[in-house]
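Quick note: the coordinates plus some simple rules give every number you see, no bench work behind them. A quick note: this is a predicted structure, and the numbers were derived from the prediction, not measured. Virtual Cβ from ideal backbone geometry, glycine too; neighbours counted across all protein chains shown.
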Amino acid sequence: MPRDSWPVDSRLADRQREQRLVATRAIIAGVLVFAALAVVAARLARLQVHEHEHFSVLSRDNRVKVQPVPPARGLIYDAKGVVLADNHPSFSLEVTIEKVVDLDATIGALAAIIRVDDKDRERFARMKRQRVRFQGVPLRLNLTPEEVARFALDSYRFPGVEVHAELLRTYPHGALTAHVLGYVGRINTQEMERINTSDYAGTNFIGKGGVEKAHESLLHGHVGYQQVEVNARGRVLRTLEGKPPVPGRDLHLFLDIEVQRAATRALGDRRGAVVAVDPRTGGVLALVSQPSFDPNPFVEGIGQKDYHALLYSPDKPLYNRAVRGQYPPGSTVKPFVGLAGLVTEVTNARKATYCPGYYRLPGQSHRYRCWRRGGHGSVTLEPALVQSCDVYFYDLAHAIGIERLKPFLGGFGFGARTGIDVAGEMSGLVPSKEWKEQVRKQIWYPGETLIVGIGQGAFLATPLQLAVATASLASRGQFFQPRVARSAQLPGAPAAEDLPVVAHRIDVADPQRWDQIIHAMTQVVEGARGTAKGIRSQDYRIAGKTGTAQVFTLGQNQSYNAARIDERMRDHALFIAFAPVEDPRIAVAVIVENGGHGGSTAAPVARQVMDAYLGGSTPMSDPGPVDGD
Amino acid sequence: MATRPGSSSLQSLVDPRLGILRRLHLDTPLLGGLLLLCAFGLAVLFSAGDRDLAVVERQLLRLALAFGLMFVLAQVSPDHLRRWSLPLYVLGVLMLLAVLLFGDVGKGAQRWLDLGVVRFQPSELLKLAVPMAAAWVLAARPLPPGLPRVLAVALLILVPVVLIAEQPDLGTAILVAGAGITVLFIGGLGWRFILLTSGAAGALAPLLWHSMRDYQRQRVLTFLDPASDPLGSGYHIIQSQIAIGSGGLHGKGWLNGTQSHLEFLPERHTDFIFAVIGEEFGLFGILVLLALYLFIIYRGLVIAVNAPDTYGRLLAGGLSLVFFIYVFVNTGMVTGLLPVVGVPLPLISYGGTSMVTLMAGFGMLMAIQTHRK
């Protein structure tokens, strides 16, 4: 090999070696590239085949949100179609506390663009404590359109804060219907446990009392939903599918707002209650408890100060006297006791009892006094009722016996909840041997039966029970479970559906017995010696019975002197009545707390209610000093 | 240097034995692959850009510019390229220094140099200058390189990489380093050296951790556990995996990707466009895309092997493999195999600079293939 060719050969060999080296490296690199892309492909296969289902669900969850669509709450109309409970659209600013990082800073920043006053803050703080987790708490209510627009511009700065459009309940008649309708308020934690939460998804309000609570399921309706597609910022782009909500049913009441107004006006600023019932249906024409309150602030969440003012007022405006107030019925129970005497044939229309001004059980020295110290002399059932002779009814009750008297009174609804569609009703009490043994752990004394006979002592009845019993008497034994709502109508439905009626008949064997009692009650108003003759009307005839409920018990030899005792210790005035006597269309029970005598204070209230309903216009005569009970 | 007949551009242009494309110094398979890729990319961009034709138009304009540059560079003889290697590299490093000193700040990083007329990203130039310079150093003497030359090339790589990482632009730094390292690898870097340096790199990892910026550390942490910050830095990874996974085998169909169109997927028309492809075209569509990429890389490696001289071989190998690094880093990041690094999906992601650089590289590849001595 020539020396001079070596570098050429060597260069050639080098070049070939270099070429081989680069080729080898390129092939290795190609293999590595293929391997690396195979790893990517394997990763893709894992994501797109193996975990495809999982990611499909995540993708779907990403974009599809199910939103509840709350139903519109049913409206409430009176008997003539006047709206008593309405919905009006309102925008509120709601804060979902769980989604907000710095609450104080957020509220501070919000206050810069939207008016937030101390009352709002106070309500917010209160509602925050009672909130249901992950539900918005309203910071401001009734936003103006300008405020809504202003917030919308800046909403990205406030995660967890939203403008919430909702229908806010309003009660156009305010305090006039507060006790009978109740009101709706925000759902609290206790209520959350009771309700079907999925049906209330999106619903913020629930009936808190009265008809609103009793008919909650009808008024509320059923939630709908919509599946919406949202983008990453949560903005709704379109609705995919959904089920519309079933709106709450509109309620048509028996209640007549004009009768209700007349009853409220008649009571004036006195404490008391009026319940008027249609004896033909059991429909409640008016249900008034005074004083009352404006329910509208409760819907939005009433401020603590205002609430305490109502709660601690000595007049107890939040207390529904009509269905929760339990009073001794006093003499208003006498027609029923008299009827019990006839039905049990312990007495009859002609049988007389001598009243010397007191009654003594055989073999006892204790005197059970008649309200008239001098006594009524010899009285039969009718004068005993008209003049409200206690001795006659002591004797009668004793003869009937508590075992027979209690179930007979129970037939008229005494001693048990009537089942009215107003929430919170109390049951009253007709005492009995069993009751006394169980509750008071004492034996029953025969004298207690006498006290039951004149509606005093442990005997308690609500104004509602008195009205219902009176209506049953007026209809001659047709007992209806009282109800405020007549029918429910699905919005858009052609007709309203009547709500179920619960009724039973009170059997007195001989229909003449009704006539005897009703005749006597008619004499209470129409008779010359009647205790309620002051309310006599030219337009229709009224049957009634006055009564007095003792607030405190007199000693054996004390006498009652209204002028001498504190006003709140005075007797409650009671009156029950129905009219027209021949064809009763309205039965009324009135109680005026510490009103004194039933004939002079309670009876005129009943007359005004009847006038409003029956269309009477005769002026009432001055009842003057009324003698008797 | 003596040139044989037929090697000059002008002569090949009229050589009747060559096809028209070849006479224009274009490599048919490579050009075909690139055109297919870009067409597919435009279709995807139309979908990812929410059917905004303006986006597609702007991308088309950039593509035209990039293909024009490719065409121009394809006409340049590799000999000229070799002669420019070092000056270009020095110029690039000087501009990087200028950026650090006077550059514009965009997205919290200094990357741009305002030249009055155009804003220019010098780091892009280094993606070409570093492999060119490395190939120049290595080709100067017979391969494989000895230790002094390897160290020289390593220093040559390290200087611009450190400068780019300082901007900070981790994605570009990785690509520039990759471009140099692949040239070293193709040039026959000893296996022992490869093992030793990767071992040393592993040992130095904690040191690297210390030198990283907070947001870079956060990215690594998020990569290790995306669920730790689902609404923050883990959001990209989680949403892109949901997009890809929900695409399944066949995909949701073009324009029907819900993840992308409802804006759950961030940066869906730039760095995360691969997830849109996965969602709308499914595994099948993605495999077609990967096959296309593989073909282009394959063609580049074939050009490298067939190149007439060492410089051309090394440069062609480096340019092909840096294209692969683009593909791998981007797909790896979008599928959750790698941490999130700002590397676009080559020739498909919306954006100009990297596309122009890539096409310039392909122009060089074509020059290497078509300028025969």
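Scanning residues 5 or more positions from A:ARG369 or on other chains, those with amide H under 5 Å from its amide H are A:TYR359, with H placed 1.01 Å from N in the peptide plane. Among beta bridges from DSSP that stay inside chain A, the antiparallel ones total about 95%.
Between B:ALA154, B:ALA173, B:ALA74, the Gaussian network model of chain B with springs among Cα atoms under 10 angstrom shows the greatest mean-square fluctuation at B:ALA154. Simple spin-label estimate for B:PHE284 and A:ARG60 gives 2.2 nm between the two label positions (7 Å along the Cα-to-Cβ direction from each Cα). Could you list, in their original order, any pairs among A:LYS213/A:LYS316; A:LYS406/A:LYS441; A:LYS208/A:LYS305; A:LYS208/A:LYS441; A:LYS80/A:LYS305; A:LYS119/A:LYS208 whose Cα atoms are separated by more than 27 Å? Checking Cα-Cα distances, A:LYS208/A:LYS441; A:LYS80/A:LYS305 exceed 27 Å.
Each peptide among A:333-343, A:34-44 gets the average number of other Cβ atoms lying within 10 Å of its residues, and from highest to lowest they stand as A:333-343, A:34-44.
Considering only B:GLY92, B:GLY363, B:GLY19, the mean-square fluctuation computed in a Gaussian network model of chain B, springs between alpha carbons under 10 angstrom, is largest for B:GLY19.
For A:GLY272, the residues 5 or more places off, or on other chains, whose built amide H falls under 5 Å of its own are A:GLN290, A:GLU593. In a reduced charge model with +1 at each Lys and Arg Cβ and -1 at each Asp and Glu Cβ, segment A:310-432 shows a dipole moment near 360 debye about its Cα centre. Here the 3J(HN,Hα) profile of segment A:312-321, calculated from phi with Karplus coefficients 6.51, -1.76 and 1.60 at θ = phi - 60°, is 9, 5, x, 7, 6, x, 7, 8, 7, 5 Hz, Gly and Pro shown as x.
Quick one: helix A:512-526 against the long Cα principal axis of chain A, what's the angle to the nearest 10°, folded into 0 to 90? That works out to roughly 80 degrees.
Length gained on full extension, A:ARG541 to A:VAL39, computed as 0.36 nm times the residue gap minus the Cα-Cα distance: 170.6 nm. Placing unit charges on each Cβ (+1 for Lys and Arg, -1 for Asp and Glu) gives the protein assembly as shown a dipole about its Cα centre, and among B:GLY190, B:PHE324, A:VAL323 the Cα reaching farthest toward its positive end belongs to B:GLY190. Working ranking of peptides B:319-331, B:198-210, A:315-327, A:526-538 by packing, defined as the average number of other Cβ atoms within 10 Å per residue, highest first, is B:319-331, A:315-327, A:526-538, B:198-210. What the phi angles of segment A:100-105 give under the Karplus curve with 6.51, -1.76 and 1.60, with θ = phi - 60°, is a coupling list of 9, 6, 10, 5, 4, 5 Hz, glycine and proline written as x. Across segment A:537-544, coupling constants 3J(HN,Hα) worked out from phi with the 6.51/-1.76/1.60 Karplus curve, θ = phi - 60°, read 10, 7, 8, 7, 9, 10, 10, x Hz, and Gly and Pro carry x. Near B:GLU267, no amide H atom lies under 5 Å from its own; only residues 5 or more places off or on other chains count, and H is placed 1.01 Å from N. For segment A:65-253, averaging the sequence separation of C-alpha pairs within contact (under 8 Å, six or more residues apart) and dividing by the residue count gives a relative contact order of 36 percent. Taking Cα atoms only, the orientation of helix A:334-343 departs from the longest principal axis of chain A by about 70 degrees. About its Cα centre, chain A has a charge dipole of approximately 1080 debye under the convention of +1 per Lys or Arg Cβ and -1 per Asp or Glu Cβ, with nothing else charged.
The local environment of A:SER90, defined by Cβ-Cβ distances under 11 Å, has a net charge of 0 under the rule Lys, Arg +1 and Asp, Glu -1. From least to most packed, judged by other beta carbons within 10 angstrom and beginning with the fewest, B:VAL356, A:VAL284, B:VAL137 follow the order B:VAL356, B:VAL137, A:VAL284. To the nearest ten degrees, helix A:52-63 and the longest principal axis of the Cα atoms of chain A are 60 degrees apart. Provide the net charge surrounding B:GLY187, with neighbours chosen by a C-beta distance below 12 Å and charges set as Lys +1, Arg +1, Asp -1, Glu -1. Cβ neighbours under 12 Å give a net charge of +3.
Find which of A:GLY221, A:ALA149, A:THR177 sits farthest along the positive direction of the dipole of segment A:127-257, computed with +1 on the beta-carbon of Lys and Arg, -1 on that of Asp and Glu, about the Cα centre. Toward the positive end, the furthest listed residue is A:ALA149. Stokes-Einstein diffusion for the protein assembly as shown, with the hydrodynamic radius set to the Kirkwood value over Cα pairs and evaluated at 37 °C in a medium of 0.692 mPa s, equals 89 µm²/s. Each helix, a run of at least 4 DSSP H residues, gives -39500 (n - 2.57); summed and divided by the residues of chain B, these come to -23500 deg cm²/dmol at 222 nm.
From the square roots a ≥ b ≥ c of the eigenvalues of the alpha-carbon gyration tensor of segment A:65-253, which class results: rounded (a/c under 1.5), prolate (a/b over b/c), or oblate? Note, shape of segment A:65-253 comes out prolate. Sequence-distant contacts, meaning Cα pairs under 8 Å at least 6 residues apart, place the relative contact order of segment B:32-370 at 26 percent.
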